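Accompanying notes for the structure given below.
Taken together, the values in this text are just the output of simple stated rules run on the coordinates, not laboratory data. As the structure is a computational prediction, the values presented were derived from the model and not from experiment. Methodologically, a virtual Cβ is constructed for each residue, glycine included, from the backbone with ideal geometry; neighbour enumeration extends over all protein chains shown.
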């Protein structure tokens, strides 16, 4: 039955993250059962939260069919501005966080403008912003490390109600907000539509610019938030802060089932699993004492695999939508 | 009235002409010269030109990939990995303190030098290895893009990450020094009054020019980039053409690696790390479209000239190093904006003419 | 007297010198169904594109329920209450049915931006049941059949309370059961007083659903009136009744028996079934059929652009199990596709570059790595350009996108002719071209046939085929239905064969 096989293939291709994760779970269950203890799982989630938050932001942009390579530099500039403000103007940790998010939003707004209104290809815009942003950040920090006071670093190690670490709480809140936006608001559904077919979306009366701008600004905000959380765990920001994180965020999203071609992907459970998956692999490599220099290679291998599956799904869908004439059987 | 119109058209012609970027570069150079007279000094010009050649090699390779509608972000990491592997073949001596814990210690190289250290064939073999690996990586890129239908920027982004990681892994972040003098002469030496780097890159440019302008294959590159469906119906083997473009890009990255490694006198796992923006920037500024189907060797030359003059002048100015990046980023945004505008105007013309 | 829903007055539109619509006047009364018919190229799609805001009109005016109507873009048309059920459906496959129905504005909880899922699904259920689509609204659209997707489009139009629903060739991708369902829904809509425009090639269907019928021909409205005044025969003769002037060269049919192209039992499920025919030397063989009958798909399969699951293809008695464009070109098979802009030309390239695209290898030694012999290619292309009378600036510089449709088509033709083909397949070679260029192309094709080339000629213009071809094959629903020899040409018989809805 062609219909049944179609449905099965769809189910497989659309649920890769869950399947991957289940596979990983089983493997670990056999090979290293101690890694499945609660403390360990909590640690993994905590470490994964900052990349996870950035990945959620990246998801918005990916859903519209775009990409944001500037999130690493965004993190850097936002953190530097917040840190310097705390140092020079003695503002508290919450105003600093707010300032950080504002800068992140502004950064995202520049991307949004260039992509939506100037119609430059997202990859070029964000590549240029990656370099420019890093430069601006260095301009503010004069290449010195910017340290954060205890009021912030405390957040990194503290637990909400003494139970759940703050990073995980924030990650959960971000995922929840993103989920609500994408699944339960008109704008969110329109983001999916724009990513699937921008022209059809325009014809259907959707304000495509609004969808794009929202996606890039949100990506900027979440990038700066993720950066802030990372800083809270590290204590200071040095010149290389955030470098390469865009890659991890894209990996987490694509592994989580978000398509590079746009219009496909869910933040929950997809991206969450993707981020945790990457962190788990990273941790396992460390505990298996795999040569540190091999980590980026293995990571690249996983990402390639994820992009390959994504391309398979996309080609398969394209084949199906080719018009059929009804032949009298 | 007519005269006025003709006069108005003149600047438009200049802007849209092939040589616009060259004119721009020249004007900019003159402007900077007025402020910093030593820009036109003999030594500065020589320094400036010596930066042109390796970058031009890379941009020529990138151009082929851009013409078929793709992009190659892995060129810089191809440089890194070929630099390192080539050095392993020909280096004369390895400091045990640095390389003892290297995975290939004792296997490919040892304290006495690289695999073929001391042999007369060391340098040619190393060069062969570098170019072959560059082409091999390019082949893998092309395969993933053409046959597996994966998005070019993602494929080459992953390749970039993988191969630069590989280069660092193979050397554990150490530079490989003590390269043979004959190799270094390739990057730094000269044949008579002409630098050997110039000879190599000009030959490469000439080959690229002949391929693109005069050969059947060149026309196939353009056809695939302009309209892959028409190309396919016309019997052009589009998959092979795309793969070839990436192979050529890898080859050029290999050449760039040879020149840079020779100049820096070391095999470096971080070679070219900051060059990606320069390569893409020079290509886009020169007018090679990111949308595919357009590109000329001349444009690549102009784009590289502009970028090198810009880079050189920014380095001379009393501004901080980060401002250079900021300015470069903005310049690339401008160039991409121009590219997008030009493409949109061309597309609108097609719709206006006969929607029959 | 029912209000006039749509008043179309003196609409004219021309494309690069070709008059697509000539002062068309049309009225659609509210609550009525207008059946709009005409051959391909008669102007139906142009008229609909103007209504839908896709292109602008040159002259004339439209009034929608009394108000002036000047859509600048498709969204304007949607806002004004005009809904199109196109063949190219504008649905989002990655979203659910409910999402597609409400994508511009979901039912929301009061004073909040949150979607009220329950209300959404309830409303969706209501809409779906009114179009008799028994599927859960959460179903992703990509899993639906074309027929089901069409029903979703109709439901969308109903949700928007569209004042006019336009059906554009709605039955080409439907099964028999889905067609019945569609007509039941149209009946329901009519009972509700919906104004409908129904465009279709299936004349019996048009008779079935319409209250009034309008016939377009060559951009003009040739007849309009209540349905009772029409029969299938009258519709056909109105659509086609054209004076066949001496547009077509005299055909000295002296075809030779040698089969250049043989196709045996060619089958691809869902596309074509059991196609068998032969093309002989010096023969011009026409294939006639409506859009969706499988003619273009058939030749694409022969040329190797699409796969086939069963059957044989033989070129010059050589069996070709796996055709591909490159292989076929080597066997001197040429294919002028029906869409010169998407698959025939490189719009940004010059005329000369387009002309020599296939013969570069011939003009050089060493094949693809070889250098192009510039003098030779210049000579060849200039000769061809002159021979085909291509009107353009210097061919090295003039870009293909700046040519008229007729000249563009000549460039595509010239490109293939330079390969000295033994078999030439033409798919709609004179679509969108002015009469002058058409006559020239007919002459060229006739000359080619006389010199020995076998020509497979696909067209929707029946009198063109009758003028040019020695034999006409008629396709319908993926099968070969009939064959007519030159002496037996009968317009109405051929059209009957093509329009036959079943069997």
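Quick notes on this one:
- When only Cα pairs below 8 angstrom with a gap of at least 6 residues are kept, the stretch A:97-183 shows a relative contact order of 11 percent.
- Among A:16, A:208, A:185: highest mean-square fluctuation, GNM of chain A, C-alpha pairs under 10 Å: A:185
- Chain A: angle of helix A:186-196 to the longest principal axis, Cα-based, in degrees nearest 10: 60
- FRET efficiency, 1/(1 + (r/R0)^6) with R0 35 Å, evaluated for residue C:397 and residue A:118 via beta carbons: 0.65
- Sorted fewest first by neighbouring Cβ atoms within 10 angstrom, A:71, C:318, A:264, B:158 come out as C:318, A:264, B:158, A:71.
- With neighbour counts taken as other beta-carbon atoms within 10 Å, the residues C:92, B:209 rank, fewest first, as B:209, C:92.
- Most mobile of B:140, B:337, B:179 in a GNM of chain B (Cα contacts under 10 Å): B:337
- Degrees between helix A:2-14 axis and first principal axis of chain A (Cα, 0 to 90, nearest 10): 10
- For the stretch B:54-295, taking Cα atoms only, Rg and Dmax work out to 18.3, 60 Å respectively.
- Angle of helix B:238-264 to the longest C-alpha principal axis of chain B, folded into 0 to 90 degrees and rounded to 10: 60°.
- Relative contact order of chain C: 15 percent, from C-alpha pairs under 8 Å at least 6 residues apart in sequence.
- Relative contact order (%) - the stretch B:203-356, alpha-carbon pairs under 8 angstrom, separation at least six: 20
- Using the alpha carbons alone, the radius of gyration of the protein assembly as shown stands to its Kirkwood radius in an Rg to Rh ratio of 0.99.
- Its DSSP H runs of at least 4 residues, each contributing -39,500 (n - 2.57), put the calculated 222 nm mean residue ellipticity of the protein assembly as shown at -18000 deg cm²/dmol, to the nearest 500.
- Springs between Cα atoms under 10 Å define the GNM used for chain B, and in it the highest mean-square fluctuation of B:195, B:318, B:237 occurs at B:318.
- The stretch C:33-84-the stretch A:36-107 distance, computed between alpha-carbon centres (Å): 50
- Fewest neighbouring Cβ atoms within 10 Å first, the residues C:153, C:161, B:111, A:183 line up as C:161, B:111, A:183, C:153.
- Here the stretch A:202-218 and the stretch B:254-295 have alpha carbon centers that stand 35 Å from each other.
- Protection proxy ranking of C:490-499, B:282-291, A:282-291, A:143-152, by the mean of other Cβ atoms within 10 Å over each peptide's residues and highest first, is B:282-291, C:490-499, A:143-152, A:282-291.
- For residues of A:66-73, the mean tally of beta carbons on other chains within 10 Å: 1
- Each of the peptides C:445-457, A:88-100, C:463-475 was scored by the mean count of other Cβ atoms within 10 Å over its residues; in descending order, highest first, they stand as C:463-475, C:445-457, A:88-100.
- Alpha-carbon centroid distance for the pair the stretch B:51-97 / the stretch C:394-419, whole angstrom: 42
- Legend: mean number of C-beta atoms from other chains within 10 angstrom of residue C-beta atoms, peptide C:137-150, equals 2.
- Mean per-residue shielding of peptide C:108-115 is 3, counting Cβ atoms of other chains within 10 Å of each Cβ.
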